[in-house]
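Values in this text are rule-based calculations from the coordinates and carry no lab data. Small disclaimer: the values here were computed from a predicted structure and weren't measured. Cβ placement follows ideal geometry from the backbone for every residue including glycine, while neighbour counts extend to all protein chains displayed.
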């Protein structure tokens, strides 16, 4: 694959060649309907190209060896940056870096974002009351100790939450922020269980365990 296309990306630059089954499993966290198509993986509006070995200068020498997984649009441009989120989420889970438009980033370095609990219906303050305290100045903001939550309409419709759509009247996200990712993950899963929702990470990959929010060891 041409180096220019890998630099344009979005591309997940990985330190080792990923196992095909593991790569499919990871992509299916973002899109449960993702499937194999030859050596590639096809997901919503994108094609996850088979890994190819690349030069280390793709990531400015940050990795000694590089296996590049490019996420290419299929047809119109993917909605809501799904292609970029997919590349970054893959890189995060496989100890890699993400490349987009020539810029290299380490998804594990982003400490400003957090998980979200996605619900098919906007919850009432009473439904949140057992776990979240309302803010006195902003009705969309709640707190639980050092965890801050904001209840907002979900932006777009990420494939990871498609199973909620048949029951949805207003897809809603409870965006969680805090200093400890594992603590955020545990709280998000408890909240999701209580409110019949799903937990997704900052890249809109489904989260099934608090450890999913931590960079792999």
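Does residue 182 qualify as being farther than 19 Å from residue 85 by Cβ, in contact (Cβ under 8 Å) with a residue 12 or more places away in the chain and within 18 Å of the chain's Cα centre (by Cα)? Judged against the criteria, residue 182 is a match.
Table: residues versus (1) assigned to a loop (DSSP other than H, G, I, E, B); (2) exposed (fewer than 13 other Cβ atoms within 10 Å of the Cβ).
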{"residue": "148", "(1), (2)": "no, no"}
{"residue": "157", "(1), (2)": "yes, no"}
{"residue": "165", "(1), (2)": "no, yes"}
{"residue": "169", "(1), (2)": "yes, yes"}
{"residue": "173", "(1), (2)": "no, no"}
{"residue": "190", "(1), (2)": "no, no"}
{"residue": "202", "(1), (2)": "yes, no"}
{"residue": "215", "(1), (2)": "yes, yes"}
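Go through the stretch 123-141 and give me each residue that's assigned to a loop (DSSP other than H, G, I, E, B) and either surrounded by 15 or more Cβ atoms within 10 Å (Cβ to Cβ) or in contact (Cβ under 8 Å) with a residue 60 or more places away in the chain (or both).
So in the stretch 123-141, the residues assigned to a loop (DSSP other than H, G, I, E, B) come out as 123-124, 129-132, 135-140.
Of everything in the stretch 123-141, those that are assigned to a loop (DSSP other than H, G, I, E, B) and either surrounded by 15 or more Cβ atoms within 10 Å (Cβ to Cβ) or in contact (Cβ under 8 Å) with a residue 60 or more places away in the chain (or both) turn out to be 123, 130, 131, 132.
With respect to residue 35, is the statement that it is over 16 Å from the mean Cα position of the chain (by Cα) and without any contact (Cβ under 8 Å) to a residue 24 or more places away in the chain true? Here the answer is yes, as residue 35 does meet what is asked. Put simply, of 47, 25 the only residue that is without any contact (Cβ under 8 Å) to a residue 40 or more places away in the chain, under 23 Å from residue 202 (Cα atoms) and under 16 Å from the mean Cα position of the chain (by Cα) is 25.
Inspect all residues belonging to the stretch 109-116 and state whether any of them is in contact with a helix residue (DSSP H, G or I) (Cβ under 7 Å, 6 or more places away or on another chain) and crowded, with 24+ Cβ neighbours inside 10 Å.
Initially, the stretch 109-116 is screened for residues in contact with a helix residue (DSSP H, G or I) (Cβ under 7 Å, 6 or more places away or on another chain), giving 114-115.
Imposing the further condition that a residue be crowded, with 24+ Cβ neighbours inside 10 Å reduces the set to 115.
Yes.
With the condition kept exactly as written, say whether any residue in the stretch 101-108 is surrounded by 12 or more Cβ atoms within 10 Å (Cβ to Cβ) and in a loop (DSSP other than H, G, I, E, B).
Residues of the stretch 101-108 that are surrounded by 12 or more Cβ atoms within 10 Å (Cβ to Cβ), as a first pass: 104-108.
Of the ones still in play, those that are also in a loop (DSSP other than H, G, I, E, B) are 106.
Yes: one or more hits.
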